[in-house]
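This report refers to the structure that appears directly beneath it.
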Amino acid sequence: MTTSAFLLEATGIRKSFGATSVLRGVDLRIAPGEIHALLGGNGAGKSTLIRIASGSLRRDAGSLSILDDGPHPIAVVFQELALLPHLSVAENIYLPRLRQGFVPVRAADRRKEARAALAQIDERLAREALDRPVAEIDLHERQLIEIARALGSGARLLFLDEPTANLTFAESERLFAILRRLAGQGISTLLVSHRMKEIRAVADVCTILRDGRTVVDRQPLATLDDASIVEAMGQKAASRAAPGPSTPCSAGSRPGAGTTVGIEGQGLSLTLEPGTILGLAGAPAGPGQLIDALVGAAPDSDWNVTMNGAAADLRSPARAVRQGIGYVSGDRAEKGLLTTLPILDNVVAATRVATRRWLARRPEATVAGDALARLAIKANSVDDSPLTLSGGTQQKLLLARWLEIPPRVLVLEEPTRGVDIGTKREIYALIREMAVLGTVVVWWSTEFPELIEICDRVIAFDLRGEVSGVIAGAQVNEVALARATGMAA
Amino acid sequence: MTDTIAGAPVQAPPVRPRRAGAGTRLLRVYRTEIAIAAAIVLIELVVSLWSPQALSFGNLANVAQASAPLILVSLGVFLVIATSGIDLSVGSTFSLTGMVAGLGLSAGLSWPVACLASLGVGIGVGAINGALVTFVGLAPFVVTLVTFAVGASLAFVVTDGHSIAILDPDFWRLNGGTLVPGVVNYVLFCIAGVALLEFALRKLVLGRWVYAIGSNAKAARLLGIPVDAVRFGVYVASGLFASFSSLMSLSYISNSEATSGANLMLQAIAACVIGGASLFGGTGSAIGAMLGAVMITVIQNGVNLIGINSFWQGSVTGLVILVAVLIDRFTKARA
Amino acid sequence: MTPFSMTPSPLRGLALATALALAAAAPAAAETKPGKKFTVAYIAPSLDISYWQWVAYGAKTKAKELGIDYIELDSHNSPVDQMTNVRTALTRGVDAIVMGPVSSASTPPVLRLLKDKNIPVAFTGIGPQPGETDYTSTVTANNYEAGREEGKFVCGLAKERGGNKVGMLSLPQDRENAQKYLKGAKEAFAAEGCDLVQVLQTKGLTVREAVDQTNDLLTRNPDVKAIYGMYDEAATGAAKALQTQGLVGKVGVATADGSPTTVRLLREGVIQGLFLQEAGGQGIEAVQQVYNALTGAPVTKELPLPEPLVTAKDIDSPEAQAKLKRVYPPSAGQY
């Protein structure tokens, strides 16, 4: 019956957590050798489905059949990288396959097997990196190691959740090339991504979830246009209709925030009027240095920053905050959220530093409540942990920190990473709103479309991290960005 | 922007066709350990400037004898630290199991039986630690702080605080006998313990699991490594090493005291850290822990031989640990 | 085995706080009876230390003999606990207090609290702060005199062995009794023509530490012919080190305190002299003094007990046996 051609076939999967019904009848079919995109807004049930399909969570109802072809036919390549940093690359690949404790490792033989698995992915990596500890390996290559590990364990189906969230364009291309090659060998990939462009570039078919149901079941991507995909996901395609101010607005509307910011360095001298949205484009090195300088994380930086003509004191993050520079990182877990503190503290954290007020006062709860309401953040209570919120909502929470101050400069580092389209729209609107109030926004993004849509000016950095040009106004387009950053197709 | 290479194909770096030679690899793996061994030799040489007897056979034997209990305790503590846990209870386990053995001997048990009873108590304490940490999910620091406190008090309770003189005429053999001709037992047990543990950690899957758990416990669990069983095991091993160490010490000094392990906990943790273990887990080696223990003893010995007021010992040991950690960090940053 | 307790470790304190609070409370509750009988409280600085247990034993035995009810409280080396204990004793309506204070400096607030209560108080082991007068009696060991006597004896041991170099295993020199012992010993060495070549201070008061220190002492100073022990474990450790090195008899050992272990070593000829610190005797005398105060009999304000010497030759004499019984209780071991 289920000896069909599908590697994985799930029908009518249901799952509830307490009273909340997360999956209410999901179908998913994956054929051998295909790259299959799994789409859906935040909370549509994608992660739950993956956990059930990979066997780490029990389903309440429905049938799940896997073309059993070995001990570990399905491997999840985790978004938070599941590697052992102190152990060598080779060992990371072979160790999970060894199930008996009291036996010799026979490292030399195992290493050969690991090398073969890694060579399937990348010959150069297999040659050079095998004996190095994972901690020394570049972040994007670690993902390749995880894939190699999955293959080494005999996986026929890979689950990749937002695999390009931390990758540059070139790194993403490399990954996709590998996935296509594996597909040619009959190994399938289930890909979760919010980036429409890359889905179109790499995936063959897609399944779309909405509110715990399959709304588009295994359709070739070629038969769907962007608008119908967005519609199927339940997010209004019309949201594009909210345009930002195309010209920098005057400082009149809110005098406190109206600061002219100067950025000098690498032969560049920019003056940003209040309300300017400045984009940063390119591989992480260049934008990273400028962002570190702005937020006070690089006191010895070559970049000089002035505010209303006077040099800004950016020798530490605390000084930067007091100078009125706000920062939101896309790396929520590491650099953003105070995960052990309630939502309240997360919202008012910046205010406390900016105002040097350390005694928590009662109105903070009101302030935080207002900020959450304005951002339509659904939380039961400001005393809950931020981890009870979904990824996109956590990101909005980080932005909420700066609403009440408001900062003179708001520095954003990939704020829409791993966020669904609907939430992205909300974040764009929020950024525009802050710009209207006179905040200078500095925004690094690896997604050119959003830079094109939102920014007044863009500093492009080349692959070595050096400024390759400033693109202004109408000249901000994909071709210009691609040429300047060396990153596009 | 001005570079001409930009268009040229990127030159692949020279490829190393084979792995580095076995010697080079050993040098790399045991870089920290070699540095500590060199530091120990250096300390001995410096001490011998004041006191030429420092390098005499007699003194080296004293150092070996003095470091033996610490080495054995440190091995167990290292296992726990390598999984990013901590065992604060070893000192009181040492005292308690020594008192149990002393009590057994004075009650007329033969010494092997008394030793088994004592080892059983050590394993029991380790099992309680392990169960509370893994199966109940309490923080290792809290759990072992509790067993430390309870163990320390029980060490007094079992004999009402009296110390017990061991009169069994054969018990000394455990420490001072020669199972293998030409090698005194305490040296033999230390070397065998270190060698076995090092072998298991490097060459057995189990050993690699220990490092894997310390490196990233969450990832290890996702990979299907039996995290709970291994964690439980290392705490049991730590209790076992502490009690065995206590027996060795007891066999040597033939006097069991309720406070005998009082300083051991911090010394053992220090030995592991000097030996290259990170308190966050995933690094270090059994050899390193042994060398760390030897270094602590050598410093104590050196301070006495030079004739520095023994109150300074703590400061000297502390500074040496700091220097060791700094050197380690500095060389790693450059590597 | 010394009237000054070891440096309090907060962790161990925690351990014992739990265990001993229970242990102390239970018998005390059983012994408090209504009626016209007197009740005396013995407040110990730390019952971890056998010395204080033995003082307690002496006090308890004497109280029983005099028909007085007896309760026991432990201050765990904490002046705060000590104050709490005094208040507890007052609440329980005791008629007299015998206490080993945590330190001399901790006594003024206690005496201030007791001033208007008309309750006799006697100190054992450690005297009150100089200048305080509102107490019944202080029963201490004459450490300075004992230091002189032992110094003279140890110097004699060295000379019998054809040398004049002696070494010392000392209590921590931040303690008043240790300073007095050392002062007396140094005067005796100077007078007798002996050379004190090294003083090693203990930190943990364990036999193990004393073994290592003796080894180091003899390594650095091979011509040392006698060892001065300031505490019981020092002699036990020194004896062990000499046995291992085959130096029994070639290096003489004497120590203050006395315990079943050192008495046995004395009989075996491994050590040559014991200067008995009458722990039990202090408890006995202190209870006698407060009883005198309660019944209107004359009291002795300053009562320094001598530390009589026993040697292998006279250990079995009735006089020596009587003295030993004033040191430790039968439950501790043989006399």
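The values are calculated or read from the model by the stated rules, or taken from the named source; none is laboratory data. Just so it is clear, the structure is predicted and the values come from calculations on it, not from any experiment. Cβ sites come from the backbone with ideal geometry, for glycine too, and all protein chains shown count toward neighbours. All accessible areas refer to the heavy atoms of the entire protein, side chains included, with ligands and DNA or RNA removed. Shrake-Rupley method; radii C 1.70, N 1.55, O 1.52, S 1.80 Å.
Values as computed for the structure displayed
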read-out: Leading residue by the ranking (farthest from the other protein chains (Cβ to nearest Cβ)) among those in the range B:218-233 that are free of Cβ contacts under 8 Å to residues at least 12 places away in the same chain and either open to solvent by less than 20 Å² (accessible area, probe 1.4 Å) or among the polar types (S, T, N, Q) (or both); value: B:220
read-out: Criterion: under 20 Å from the mean Cα position of the chain (by Cα), open to solvent by less than 70 Å² (accessible area, probe 1.4 Å) and closer than 25 Å to residue C:292 by Cα - qualifying residue of C:136, C:124; value: C:124
read-out: Subset of the range A:21-54 (residues that are in a loop (DSSP other than H, G, I, E, B) and acidic (Asp, Glu)); value: A:34
read-out: Enumeration of residues in the range A:26-37 that are farther than 21 Å from residue A:195 by Cβ and either without any contact (Cβ under 8 Å) to a residue 12 or more places away in the chain or open to solvent by less than 20 Å² (accessible area, probe 1.4 Å) (or both); value: A:26, A:31
read-out: Those residues of the range B:158-174 which are more than 22 Å from residue B:113 (Cβ to Cβ) and out of contact with any Leu (no Cβ under 9 Å at 6 or more places or on another chain), in sequence order; value: B:160
read-out: Residue that is at negative phi and in contact with an Asp or Glu (Cβ under 7 Å, 6 or more places away or on another chain), where the choices are C:293, C:320; value: C:320
read-out: Counted residues, the range C:126-159 - those being over 15 Å from residue C:306 (Cβ atoms), modelled with pLDDT under 95 and out of contact with any strand residue (DSSP E or B) (no Cβ under 6 Å at 6 or more places or on another chain); value: 8
read-out: Meets criteria (hydrophobic (A, V, I, L, M, F, W, C) and under 14 Å from residue C:286 (Cα atoms)) for residue C:105; value: no
read-out: Residues being within 15 Å of residue C:123 (Cα to Cα) and in contact with a strand residue (DSSP E or B) (Cβ under 6 Å, 6 or more places away or on another chain) - total across the range C:45-59; value: 4
read-out: Residue that is nearest to the chain's Cα centre (by Cα) [pool: residues in the range C:139-162 that are basic (Lys, Arg) and closer than 13 Å to residue C:227 by Cα]; value: C:152
read-out: Top-ranked residue of the range C:35-80 - restricted to ones that are among the acidic types (Asp, Glu) and either within 14 Å of chain B (Cβ to nearest Cβ) or free of Cβ contacts under 8 Å to residues at least 12 places away in the same chain (or both), ranked as surrounded by the fewest Cβ atoms within 10 Å (Cβ to Cβ); value: C:65
read-out: Residue match in the range C:206-228 (condition: of a type outside the set (A, V, I, L, M, F, W, C), part of a strand (DSSP E or B), open to solvent by less than 10 Å² (accessible area, probe 1.4 Å) and within 28 Å of residue C:328 (Cα to Cα)); value: yes
read-out: Condition met for residue A:274 (under 14 Å from residue A:407 (Cβ atoms), surrounded by 23 or more Cβ atoms within 10 Å (Cβ to Cβ) and in contact (Cβ under 8 Å) with a residue 60 or more places away in the chain); value: yes
read-out: Unique residue being at pLDDT below 95 and either within 9 Å of chain B (Cβ to nearest Cβ) or in contact with a strand residue (DSSP E or B) (Cβ under 6 Å, 6 or more places away or on another chain) (or both) when the list is C:175, C:220; value: C:220
read-out: Filter result for residue A:204 (charged (D, E, K, R), open to solvent by 40 Å² or more (accessible area, probe 1.4 Å), within 30 Å of residue A:14 (Cα to Cα) and touching a residue at least 40 places away in the same chain (Cβ under 8 Å)); value: yes
read-out: Residues located in the range C:306-335, provided they are among the aliphatic types (A, V, I, L, M) and modelled with pLDDT of 90 or more; value: C:309, C:310, C:312, C:315, C:320, C:322, C:324, C:327
read-out: Residue identified as assigned to a strand (DSSP E or B), touching a residue at least 40 places away in the same chain (Cβ under 8 Å) and more than 9 Å from chain B (Cβ to nearest Cβ) among C:238, C:256; value: C:256
read-out: The range A:294-345: number of residues that are part of a strand (DSSP E or B), in contact with a helix residue (DSSP H, G or I) (Cβ under 8 Å, 6 or more places away or on another chain) and aliphatic (A, V, I, L, M); value: 3
read-out: Out of A:212, A:186, sole residue that is away from chain B (no Cβ under 13 Å) and open to solvent by 10 Å² or more (accessible area, probe 1.4 Å); value: A:186
read-out: Matching entry among B:168, B:87 (being touching a residue at least 24 places away in the same chain (Cβ under 8 Å) and in contact with a Pro (Cβ under 9 Å, 6 or more places away or on another chain)); value: B:87
read-out: Among (1) at pLDDT below 95; (2) open to solvent by 30 Å² or more (accessible area, probe 1.4 Å) - the single one residue C:233 does not satisfy; value: (2)
read-out: Whichever residue in the range B:297-319 is away from chain C (no Cβ under 12 Å) and either modelled with pLDDT under 80 or more than 16 Å from residue B:46 (Cβ to Cβ) (or both) and, among such residues, is most open to solvent (accessible area, probe 1.4 Å); value: B:315
read-out: Check on residue B:159, within 26 Å of the chain's Cα centre (by Cα), polar (S, T, N, Q) and either within 14 Å of another protein chain (Cβ to nearest Cβ) or open to solvent by 60 Å² or more (accessible area, probe 1.4 Å) (or both); value: no
read-out: Residue check, residue C:160 within 30 Å of residue C:241 (Cα to Cα), in contact with a Leu (Cβ under 7 Å, 6 or more places away or on another chain) and open to solvent by 10 Å² or more (accessible area, probe 1.4 Å); value: no
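Residues checked against (1) open to solvent by 50 Å² or more (accessible area, probe 1.4 Å); (2) under 30 Å from residue A:66 (Cβ atoms):
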site	(1), (2)
A:86	yes, no
A:97	yes, yes
A:101	no, yes
A:117	no, yes
A:125	no, yes
A:144	no, yes
A:155	no, yes
A:159	no, yes
A:163	no, yes
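One line per residue, one yes/no per condition, for (1) under 30 Å from residue B:278 (Cα atoms); (2) of a type outside the set (Lys, Arg):
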position: A:25; (1), (2): no, yes
position: A:30; (1), (2): no, yes
position: A:39; (1), (2): no, yes
position: A:46; (1), (2): no, no
position: A:57; (1), (2): no, yes
position: A:97; (1), (2): yes, no
